[in-house]
Amino acid sequence: MSETLKTSLYNLHKELGGKMVPFAGYEMPVQYTAGIVAEHKQCREKAALFDVSHMGQVTIKGENPAKALETLVPGVYLKLKEGRQRYTIFTNDNGGILDDLMVSNMGDHLFVVVNAACKNEDIAYMKEKLVGYEVTEITNRSLIAIQGPEAKTAMARIAPESVSMVFMDFRSIKVGGIDCFVARAGYTGEDGFEISVPEEHAEKIAKLLLEQPEVAPAGLGARDTLRLEAGLCLYGNDIDTTTTPIEASLEWVIGKRRKEEGGFPGANVILKQLKEGVTRKRVGIIPTGKAPARAHTKILNMNGQEIGEITSGGFGPTIGCPIAMGYVPTDMAAVGTELKLLVRGKEIPAKVAATPFVEQRYYRG
Amino acid sequence: MIKFTEAHEWIEVENGVGKIGITDFAQGQLGDIVFVELPEVDDEKSKGDEIAVVESVKAASEIYSPVSGEVIEINESLDDNPAMLNSSPEADGWIFKIKLSDESELENLMDKDAYAKYAKENG
């Protein structure tokens with residue numbers, strides 16, 4: 001085992017009472033003294049600060065990098081405007097998902113954020129496939145997310161240029177006097193920002209944000225309950241190399257032109273599925289009662305036969321009940337379909353539910 | 001008499017009946033508790049058997065019976081208010097009562113001071 005890495009906010013996490021756990025090779029705070037539920041509510045009601053510096057930040061430089069990127073993803077990037085960001089996935093030749101990522105157009109190059117657990121593979125993959133392009137991991141910048149309905153109020157004070165940004169805008173602006181890359185996006189379902197900051201200024205910016213009356217720190221525990229309520233996939237749980245974007249109910253990541261032209265790994269599989277359908281789909285599931293159904297819980301039909309598995313599940317502090325996601329046969333994917341979950345040997349009634357479980361509140365202007 | 005286990009449970013024994021719950025230290029480690037799966041009255045359990053499950057937002061944690069015996073009462077108010085395990089783990093948040101079949105099993109458990117030291121060392 002290699003040594004656990006620390007982000008540039010490690011000391012701050014300790015100061016704030018963060019309970020540190022190993023996550024994707026890093027020591028990260030799973031929660032602070034407030035606890036997961038309080039941190040979750042902080043984000044839904046005011047604003048929460050998350051350290052997401054473990055994620056990979058990468059630039060792609062060269063002649064028309066959007067065109068090169070399109071050979072690896074099903075999204076449309078040729079027309080992505082400068083200063084805009086878009087979500088996509090790396091697909092493999094079987095139509096499976098290698099990772100999900102955010103890509104921003106920074107004018108003469110692309111700025112990419114990938115998952116911590118996948119970043120080494122992703123970077124090696126991009127370097128191998130994007131011949132003639134310069135793929136560079138940015139190792140000297142931290143990434144801080146500020147999320148919640150009052151994030152904009154806090155940001156307006158210390159980063160006045162942020163107020164004119166809308167959901168999925170991406171700009172180089174000053175935050176607390178420091179040059180940062182700021183995206184109006186996140187992983188909680190709330191309005192908010194992600195700030196890429198030079199690591200030597202990360203603690204200063206984090207502290208400045210925490211000084212704002214709206215803001216309190218939140219850890220990975222709340223990040224997970226927030227994204228689950230928002231119906232957002234976690235790579236490695238809800239999507240991986242064994243799931244296609246069609247099965248994962250991520251059809252929307254496939255651009256209109258890409259549906260016609262293909263030209264991305266696994267396009268033959270994915271476009272065929274798009275036309276002919278799939279045998280299973282990712283759905284939201286709400287168990288009856290209070291027992292959470294965690295990942296790998298078996299999903300049964302009403303006759304007690306195993307039909308699938310929960311991929312993410314837990315308790316949703318805002319919705320106030322257990323929530324889950326998992327894969328079920330397509331004919332059982334309609335909202336309201338009754339099924340059962342096998343929790344510790346007991347069959348718990350459950351229903352397919354619409355996602356997001358909690359309304360997304362992005363700021364679209 | 002109150003005794004404690006290495007699994008951070010407490011047992012208060014009176015007239016051959018043990019009232020069992022998790023310690024304040026344990027609830028702090030678990031975090032926000034959202035569900036308690038209670039045993040059933042009349043369940044016969046041996047020392048070390050899984051007898052209840054406490055689910056926090058993070059994860060499920062099994063509770064093992066610190067003694068052998070028959071479950072005679074469960075704290076049903078935890079069904080509606082599992083957070084009582086966070087707010088009052090060593091009083092209102094008791095989980096079940098068991099009629100001890102072998103009181104000598106208590107001898108190997110820790111007393112209050114020994115447990116305080118143990119929790120500190122394992123915190």
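Here the dipole of the protein assembly as shown is about 2500 debye; that uses its Cα centre as origin and unit charges on the Cβ of Lys and Arg (positive) and Asp and Glu (negative).
Between amide H atoms placed 1.01 Å from N, distances below 5 Å from A:GLY284 occur with A:ALA353, A:THR355, all of them 5 or more places distant or on a separate chain. Between the range A:156-187 and the range A:51-88, how many Å separate their Cα centres? Distance between centres, Cα-based: 19 Å. Shape analysis of the range A:279-365 based on the Cα gyration tensor places the equivalent ellipsoid semi-axes at 22, 15, 10 Å, largest first.
The relative contact order of the range A:217-317, computed from alpha carbon pairs under 8 Å that lie at least 6 residues apart in sequence, is 30 percent. Centre-to-centre separation between the Cα atoms of the range A:210-237 and those of the range A:283-299: 20 Å.
By the gyration tensor of its Cα atoms, with a ≥ b ≥ c the square roots of the eigenvalues, what is the shape of the range B:2-121: rounded for a/c under 1.5, prolate for a/b over b/c, or oblate?
On the way: a/c = 1.76, a/b = 1.14, b/c = 1.54.
Oblate is the answer for the range B:2-121, as a/c is 1.5 or above yet b/c matches or exceeds a/b.
How much FRET efficiency would the formula 1/(1 + (r/R0)^6) give for A:ARG84 and A:ASP331, where r is the Cβ-Cβ distance and R0 is 22 Å, rounded to 0.05? Mind dumping the intermediate values first?
Details: r = 38 Å, r/R0 = 1.74.
Computed FRET efficiency for A:ARG84 and A:ASP331: 0.05.
Modelling each spin label as a point 7 Å along the Cα-to-Cβ direction, I'd like the B:ASP79/A:LEU5 distance in nm, to one decimal. About 4.9 nm, to one decimal.
Placing a label point 7 Å from the Cα of B:LYS47 along the Cα-to-Cβ direction, the residues of the range B:69-98 whose backbone N falls under 12 Å from that point are B:69.
If you find the alpha carbon centre of the range A:251-268 and of the range B:45-103, how far apart are they in angstrom? Comparing the Cα centres of the range A:251-268 and the range B:45-103, I get a distance of 53 Å. A cut-off of 5 Å between modelled amide H atoms, ignoring neighbours fewer than 5 places along the same chain, links A:GLY316 with A:CYS321, A:ILE323. Each principal axis of the protein assembly as shown carries a Cα extent, and these read 82, 54, 43 Å when sorted largest first.
At a Förster distance of 56 Å, what's the computed FRET efficiency of A:ASN120 paired with B:ASN15, Cβ-Cβ distance as r, to 0.05? Write down the numbers at each step before the final one.
Working: r = 62 Å, r/R0 = 1.11.
According to the calculation, E is roughly 0.35.
Set the Förster radius R0 to 45 Å, insert the Cβ-Cβ distance between A:VAL166 and B:ASP92 as r into 1/(1 + (r/R0)^6), and round the FRET efficiency to 0.05. Intermediate results must be reported in sequence, preceding the final value.
Numbers: r = 49 Å, r/R0 = 1.09.
E(calc), rounded to 0.05, equals 0.40.
Every read-out reported here was derived from the displayed coordinates using simple, explicitly stated rules and does not represent laboratory data. No experiment lies behind these values; they were computed from the predicted model shown. Methodologically, a virtual Cβ is constructed for each residue, glycine included, from the backbone with ideal geometry; neighbour enumeration extends over all protein chains shown.
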